[in-house]
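FYI, it's all coordinate maths here, none of it is from the lab. This structure is a prediction, so every number in the text was calculated from the model and none was measured. Cβ atoms come from the backbone with ideal geometry, glycine included; neighbour counts cover every protein chain shown.
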Amino acid sequence: MVDSFKQSIDSPIQEIQHDLLQSKGILLLIKRDDLIHPQVSGNKWRKLKYNLLAAKKEQQNTLLTFGGAFSNHIYATAAAGKVFGFKTIGLIRGERIEPLNPTLAYAEEVGMELHFISRSDYRKKEDIVYQQQVRANFGNFYLIPEGGTNERAIKGCSELVEEVTSQLTALPDYWCASCGTGGTLSGIIKGLDGRQKVLGFSALKGNFHQKDIEELLGEKKYNNWQINTQYHFGGYAKFKPTLIDFINTFKKENNIQLEPVYTGKLFYGIYDLIKNDYFPKGSSILAVHTGGLQGIAGFNRRFSNIIT
Ligand SMILES: Cc1ncc(COP(=O)(O)O)c(C=O)c1O
């Protein structure tokens, strides 16, 4: 069943229409990875692809991974387990709070075994000794790191470039994506192999992405990419009313849903850079919609349905 991951999953590319784009002479395209699959959507599909194929090859029937209580990765891994026939275990940061939020309720409903671990244990998730302890507790499993980022995930994300190349007659000048762990952007940078320009938009506060992505890229050095760190709105999952207004207006204008943690900040940042003439007139930009829409239900539950 997991072999169906190998099939082509080309997500559509759409042009965004807006007076701002016309007045600045910019072509803005959106790669709709949010439409790849109803539950395993966005960058999650690309990141899981080679991991699930490897798990199958290694004859592992259990996937174990880590995530926060609202994690898109937990949701997608639980869904992928159900679709492709793996048992799934999620080690979740913090306490179990009843009723479970929509992300965790869904994960449990589709069969993920949830275990809540202390924040101090969670910080040890990459520590070999801690992982040995986890193996002693849970037996054999295929380990997928937090956020799903590893070499196989980067390989999966790099395929986005080939896909776009086959869909368009010319490569866009700028390739933009949101950065959490930086795995998705690393894949795009690798796929482009030095061509065009790649812009990451940090969804978290801090300047660590530059170094993290350099490490994820390994030996190969590229100088055609940079990270924008000024559009995190206060940090991971933090927001301001201007971001929510932007997301709601974008939906009204384009009938495309963005979410507040990653893609809303990405598009807000792109529009702001366009307003400030960062992109030369005549530039084409491809922005990746990396999904994550499942998080809106939990967000709206906490913040009185502000995303419309
Ligand atoms: C919807 C969405 N977009 C973007 C990202 C950022 O991707 P990455 O962690 O590969 O940088 C994530 C997190 O994994 C995500 O869930």
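Once amide H atoms are placed 1.01 Å from N in the peptide plane, what residues at a sequence separation of 5 or more from C176, or on another chain, have their amide H within under 5 Å of its amide H?
When sequence neighbours closer than 5 places are left aside, the close amide H contacts are L199, L286, A287, V288.
Taking neighbour Cβ counts within 10 Å as the exposure measure, how do T88, T263 sort from fewest upward?
The order, fewest Cβ neighbours first, is T88, T263.
Just to be sure I understand: if I project the alpha-carbon convex hull of the range 43-148 onto a plane and average over all orientations, what area do I get in nm²?
On the way: hull surface 24.6 nm².
Result: a mean projected hull area of 6.1 nm².
How long are the three semi-axes of the equivalent ellipsoid for the chain, computed from the Cα gyration tensor as the root of 5 times each eigenvalue, in whole Å, largest first?
31, 22, 18
Where does helix 241-254 land angle-wise versus the long Cα axis of the chain, in degrees 0 to 90, nearest 10?
So the helix axis and the longest Cα principal axis differ by about 70 degrees.
Specify the residue with the greatest mean-square fluctuation among G292, G182, G206, computed from a Gaussian network of the chain linking alpha-carbon atoms under 10 Å apart.
Among G292, G182, G206, the largest mean-square fluctuation in the Gaussian network model of the chain belongs to G206.
Run lengths n ≥ 4 of DSSP H only: what is the helix-derived mean residue ellipticity at 222 nm for the chain, with -39500 (n - 2.57) per run over all residues, to the nearest 500?
Calculated from helices alone, the mean residue ellipticity at 222 nm is -12500 deg cm²/dmol.
Which angle between 0 and 90 degrees, to the nearest 10, do you get for helix 72-84 versus the longest principal axis of the chain when only C-alpha atoms count?
60
Within the range 70-113, which GluC sites (Glu not before Pro) sit in a loop by DSSP and count at most 14 neighbouring Cβ atoms inside 10 Å?
E95
Give me a comma-separated list of calculated 3J(HN,Hα) values for the range 267-282, in order, Karplus coefficients 6.51, -1.76, 1.60 applied at θ = phi - 60°, integers in Hz, x for any Gly or Pro.
Result, rounded to whole Hz: 5, 4, x, 4, 4, 5, 5, 5, 4, 8, 6, 5, 8, x, 3, x.
Rounded to whole Hz and in sequence order, give me ³J(HN,Hα) for the range 11-27 from the Karplus expression 6.51 cos²θ - 1.76 cosθ + 1.60, θ = phi - 60°, writing x for Gly and Pro.
Using θ = phi - 60°, the values come out as 8, x, 10, 10, 8, 8, 9, 6, 4, 4, 5, 5, 5, 9, x, 10, 9 Hz.
Within a 10 angstrom radius of the beta carbon, how do V110, V261 rank from fewest other beta carbons to most?
Placing the least packed residue first, the sequence is V110, V261.
Would you please give the residues with an amide H less than 5 Å from that of N228, counting only those at least 5 places away or on a separate chain, with H modeled from the backbone geometry?
When sequence neighbours closer than 5 places are left aside, the close amide H contacts are G200, F201, S202.
Please arrange F66, F138, F239 by how many other C-beta atoms lie within 10 Å of their C-beta, fewest to most.
Values: F66 24, F138 14, F239 20.
Placing the least packed residue first, the sequence is F138, F239, F66.
Taking H as built 1.01 Å from N, whose amide H comes closer than 5 Å to the amide H of F239, not counting residues under 5 places away?
Excluding prolines and chain starts, which carry no amide H, there are no hits.
Of K47/K220; K57/K155; K44/K238; K82/K211, which pairs sit farther than 27 Å apart, going by alpha carbon to alpha carbon?
Among K47/K220; K57/K155; K44/K238; K82/K211, the Cα-Cα distance tops 27 Å for K82/K211.
Residues of the range 266-308 with amide nitrogen under 14 Å from the 7 Å Cα-to-Cβ point of I97?
Those under the cut-off are 298-304.
Just the Cα atoms of the range 177-250: what Rg and Dmax do they give in Å?
Cα only, the range 177-250: 13.5, 42 Å (Rg, Dmax).
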